[in-house]
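Visitor: Okay, here's the structure, questions in a sec.
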């Protein structure tokens, strides 16, 4: 094993232990995810089915009340009809919410057809045209449209393809048998109540009632057979299903016999329509309670499947965790074998970082660590060889840049002063000659005075400028001054800062200070003031156009043992090329305005040399510029 590289060792261990787990896990997790996805989709489909049946229920109540209103135009019934219309609209909105949430084009299209069918039913139920057969025609169309929606939901959500036979039978009862039975029972209730409302039942109504009786009988036989088969196959839920089936079959039979005995074949009418309507409504209620039971059982089975798949996933995760522990144990053994070498490498690297360039690493193993040791030793030897040359080269480069900057910055004011002195000397010579020869006029003397005044003004201004440049040069070299350190509350310091800085009134008003409360620091306040003054002046001078001065934000926060300062403006920003050289000496975007370009270089020296910190600039052209400074909270810790 010692002759194998670490890449080969890790690859071998991974192939032996992780590859089989990865292949097995991929197949298992894929199957579990697919089953979980199918079960969740089926749950959404079941919710839409439940809402659809509630919509059928509310629509049937609306239809029957509208039929009764044809022969009993009572205010109470009309109020009930209006309330029922609102209930149908509410169920339509609830169904629309779950349909939109599922986001399926076919289901969405069929729901729109349901909505159109409802408008037709509502229109004929609200108007005065047509009789009950017209109203039931549109109701029947509405229910059939919902049934198509139920079929589409069952297909698109894979409910009708459920792999579990028990769930499959129950779902098909919901989507196929129950809507038909509800439709026929609804017809029996509607036409029976309509017939009992009449003083005498006409021939066409009797024919319609006979047809309804036959259809109800057929649907009863179909429902009875399918219910019995579904109950037989659902062993787990046999008892609640059997009770529900018994109540449904008994109810349908009672409704059919009630219509036959009390209306179709009755010698005389003993029932009034209110009693008949109530009894048929009770049978409806039994059927809808059974539908709720079916939905609840299917929901339990889907949830049970989700739990089973989740348990599989948990088991796989546990197995994977065990194998990972084994692999980690093996990796740990490998780690221990190289730990000593890595620790030695860290120690040697730290020694090199501290300037000990005679450091060498031992060559112990025969793998990548040996190559690392060889390369490290060669690197240290080469670094020691080149260090002195690099230091000298950097010194000469820095000196050359500084000398060039000094020459450039001092040349202009000194040149102007020298030119002014020469001009003044020439003017004095002319005046002296005219005076000697007796030709000095008042005008000549006045011109000499004017020229002398102008020249002396130029000389003074440019010598002052040269003096300020020399003063700035003195600030390029800064060092810590422990005698200047003091404890201070930064909130109080920042609140008084604008008055202590050399800023215009307008600039002071534009300064926005943001500081955490109780920020206590131990710091050199004079250098901190100089630093902030440079950055704030830079923001106002270069960040904004002078006719559009904006705010400058000065923020101070504590982060661990460090003080974080930010100076930010929302002005013109800095282009990428300038940003790369922002802290170099003599770099400025306002050279034509007489700016030397030393401010940010001085700020950089203050932060890095006198405050033991770091400074960086972040800018987005045309948006903002932000200087971020990180310095110790307590300078005494640097001693």
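The values are calculated or read from the model by the stated rules, or taken from the named source; none is laboratory data. Keep in mind that this is a model prediction, so the values were computed, not measured. Note: ideal-geometry Cβ built from the backbone for every residue, glycine included; neighbour counts use all protein chains shown.
Visitor: Going residue by residue through the stretch 74-89, is there one that turns out to be closer than 30 Å to residue 39 by Cβ and either within 37 Å of the chain's Cα centre (by Cα) or not assigned by TED's automatic domain parsing to the domain that holds residue 144 (or both)?
Guide: The answer is no; no qualifying residue exists.
Visitor: Being surrounded by fewer than 18 Cβ atoms within 10 Å (Cβ to Cβ) and at negative phi narrows it down to one residue among 521, 505; which is it?
Guide: Going through 521, 505 in turn, just one is surrounded by fewer than 18 Cβ atoms within 10 Å (Cβ to Cβ) and at negative phi: 505.
Visitor: Right, here's the next one. State which residue pairs qualify: first residue within 23 Å of residue 106 (Cα to Cα) and inside the stretch 21-46, second residue modelled with pLDDT of 80 or more and loosely packed, with under 12 Cβ neighbours inside 10 Å in any location, beta carbons under 9 Å apart, and separation of 6 or more residues or different chains.
Guide: Pairs that qualify, where the first residue is within 23 Å of residue 106 (Cα to Cα) and the partner is modelled with pLDDT of 80 or more and loosely packed, with under 12 Cβ neighbours inside 10 Å, are 44/101.
Visitor: Additional query: Say we look at the stretch 454-471 and pick out the residues that are more than 16 Å from residue 422 (Cα to Cα) and touching a helix residue (DSSP H, G or I) at 6+ places or on another chain (Cβ under 6 Å); which of these is modelled with the lowest pLDDT?
Guide: 469
Okay, residues lined up against (1) at pLDDT below 80; (2) exposed (fewer than 12 other Cβ atoms within 10 Å of the Cβ); (3) in a helix (DSSP H, G or I):
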{"residue": "383", "(1), (2), (3)": "yes, no, yes"}
{"residue": "386", "(1), (2), (3)": "yes, yes, yes"}
{"residue": "393", "(1), (2), (3)": "yes, yes, yes"}
{"residue": "407", "(1), (2), (3)": "yes, yes, yes"}
{"residue": "416", "(1), (2), (3)": "no, no, yes"}
{"residue": "429", "(1), (2), (3)": "no, yes, yes"}
{"residue": "440", "(1), (2), (3)": "yes, no, no"}
{"residue": "444", "(1), (2), (3)": "yes, no, yes"}
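Visitor: I would also like to ask the following. Of the residues that make up the stretch 212-223, is at least one in a loop (DSSP other than H, G, I, E, B) and surrounded by 13 or more Cβ atoms within 10 Å (Cβ to Cβ)?
Guide: No.
Visitor: Now, a different point. Is it fair to say residue 627 is closer than 22 Å to residue 572 by Cβ and at pLDDT 85 or above?
Guide: The answer is yes for residue 627.
Visitor: Next up: How many residues are more than 18 Å from residue 579 (Cβ to Cβ) and surrounded by 14 or more Cβ atoms within 10 Å (Cβ to Cβ) if we restrict to the stretch 538-549?
Guide: Looking only at that region, the number is 2.
Visitor: Something else: Only one residue in 259, 287 is closer than 30 Å to residue 203 by Cα, modelled with pLDDT of 80 or more, assigned by TED's automatic domain parsing to the domain that holds residue 197 and surrounded by 15 or more Cβ atoms within 10 Å (Cβ to Cβ). Which one?
Guide: Within the list 259, 287, the selection yields 259.
Visitor: Further, regarding this structure: All but one of (1) touching a helix residue (DSSP H, G or I) at 6+ places or on another chain (Cβ under 6 Å); (2) at pLDDT below 80 hold for residue 228; which doesn't?
Guide: Looking at each condition in turn, residue 228 falls short on (1).
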